[in-house]
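Just below is one structure, and these are the notes that go with it.
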Amino acid sequence: MGKSNKHFVSMLLLTSLFMAMLLYLTGCSTSDPSYVAVGAASYDETEGTTVAVAVYRGNATVPDATVSVNDRVLSYGFPVTYQNTTNTIPIYYGSVAGVPGDTLNLRVTRGGALIYSASSVIPGTVSFANPTAGQVLPKRDVAAQWNPAANTAGYWVDYEGANDAYYGAFTTGTSWTIPGGSLQTGDALFSVTALSDSLGLSDGTTQTSQNDTTAAADDTEWMSETSKWISFTGNEITAQVAQAQAGEAAETSSPVPEAAEGLQVAAVSYITKDGYKVKLNQYAPIQSPATGNITFHLRFDKYTVAIGSVTLVDGQTGQTKYEWSKARIYKSERKKYGFTIPARQGDVLVIGERKVDTIWGPTFNY
């Protein structure tokens, strides 16, 4: 795939709402070969079915088409406001009725003429049988297994770990062995996605990366080698990868603590940050009469505006002794940040979250 196509697909990935995949659509039921539609539908048990479609003619976006899915007309121009600046993303978007097994019919017209049409069936729900949430895995091969889903042409199973480690594979079966050499000690996110179309992939196609940006670019390449609109459902679990044996070189800088105190939320409040509502979790003051470290991870969602912040207040002086904040805007990959913050008795931790999960803590280790 050429450089311009990679840029084209990467741009669309950044603009998609609640989606993990988009693909480049050409030559399907179109009366004008200069028109191109790019789109996908994602099903989530909480969010329902969400659709995003971009329409192009040559290199120009088409803002005056009528785009519908199952006769539901989609809105055009998704507004994103951040740091007092509003940008309009040139996509047609919206939620539509639909559950696994339902057919989604896409129609694009302009000036009364049909310029594109396609259909897809929402795959059945999928969930892991192995590994399980919270499981501690040795740093060896992981035999991933999941339940079969209806209306599915294949599955994409992947792993995201520490140091931006990534491994993904396509299979038509319901199991795949993730090689231990691709795993990193630490937090691990395993995902399995049921696809309504194989995306032109052969059984056993894999992708690996230690860098999240490169992984996203690689993903767009295999997602672009088909000419069908797709729908998909997915599931994910968080586990932890530990050293396989004591003789391995340590891959984490934090020593094993002598004791640990799990921090509990004492108060919740909300603030507005650049037009977005951010939840503030204030934890109870550290009780242990010792010096040590607060450890935890923040995981930022993808395809959204994710905002996270960390503040540690000195319990003796009331002064801020540590402060950090980050915003990620419509990135095509999740991102985890790990924290080890020196602290002592009486210190108060405050974590701000919008589309951010606090995982593996916070814990006061001493």
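Only a single item in (1) at pLDDT 85 or above; (2) of a type outside the set (Asp, Glu); (3) under 21 Å from residue 161 (Cα atoms) is not met by residue 334, and it is number (1). Restricting attention to segment 136-147, the residues that are within 14 Å of residue 125 (Cα to Cα) and either aromatic (Phe, Trp, Tyr) or over 22 Å from the mean Cα position of the chain (by Cα) (or both) add up to 1.
With respect to residue 270, is the statement that it is hydroxyl-bearing (Ser, Thr, Tyr) and at pLDDT 85 or above true? Yes; evaluated as a whole, the condition is true for this residue.
Every residue, every condition in (1) modelled with pLDDT of 80 or more; (2) outside the structural domain of residue 230 (by TED's automatic domain parsing); (3) of a type in the set (Val, Ile, Thr), yes or no:
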position: 19; (1), (2), (3): no, yes, no
position: 29; (1), (2), (3): no, yes, no
position: 44; (1), (2), (3): yes, yes, no
position: 55; (1), (2), (3): yes, yes, yes
position: 58; (1), (2), (3): no, yes, no
position: 62; (1), (2), (3): yes, yes, yes
position: 72; (1), (2), (3): yes, yes, no
position: 79; (1), (2), (3): no, yes, no
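Scan segment 312-323 residue by residue and report those that are at negative phi and not in a strand (DSSP E or B). Walk me through it before giving the result.
To start, the set of residues in segment 312-323 that are at negative phi comprises 312-317, 319-323.
Hits for segment 312-323 are 314, 315, 316, 317, 319.
So that you can scan it fast, the table gives a plain yes or no per residue for (1) crowded, with 16+ Cβ neighbours inside 10 Å; (2) in a strand (DSSP E or B):
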position	(1), (2)
310	yes, yes
325	no, yes
333	yes, no
338	yes, yes
342	no, yes
358	yes, yes
362	yes, yes
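Counting only residues that are under 22 Å from residue 290 (Cα atoms) and free of Cβ contacts under 8 Å to residues at least 60 places away in the same chain, segment 319-344 holds 10 of them. Checking 186, 204, 200 one by one, the residue that is at pLDDT 85 or above and on the phi > 0 side of the Ramachandran plot is 186 and no other.
Could you say which residue among 157, 142 is closer than 24 Å to residue 359 by Cβ, crowded, with 21+ Cβ neighbours inside 10 Å, of a type in the set (Val, Ile, Thr) and in contact with a Phe, Trp or Tyr (Cβ under 7 Å, 6 or more places away or on another chain)? Spell out how you get there, then give the answer.
Numbers: 142 fails: in contact with a Phe, Trp or Tyr (Cβ under 7 Å, 6 or more places away or on another chain).
Selected residue: 157, the only one of 157, 142 that is closer than 24 Å to residue 359 by Cβ, crowded, with 21+ Cβ neighbours inside 10 Å, of a type in the set (Val, Ile, Thr) and in contact with a Phe, Trp or Tyr (Cβ under 7 Å, 6 or more places away or on another chain).
Among residues of segment 168-187 being part of a loop (DSSP other than H, G, I, E, B) and out of contact with any strand residue (DSSP E or B) (no Cβ under 6 Å at 6 or more places or on another chain), the one that is farthest from residue 126 (Cα to Cα) is 179.
The values are calculated or read from the model by the stated rules, or taken from the named source; none is laboratory data. What you see is a predicted model; the values in this text were computed from it and never measured. Don't worry about glycine lacking a Cβ; one is built from the backbone with ideal geometry, like all the others, and counts go over all protein chains shown.
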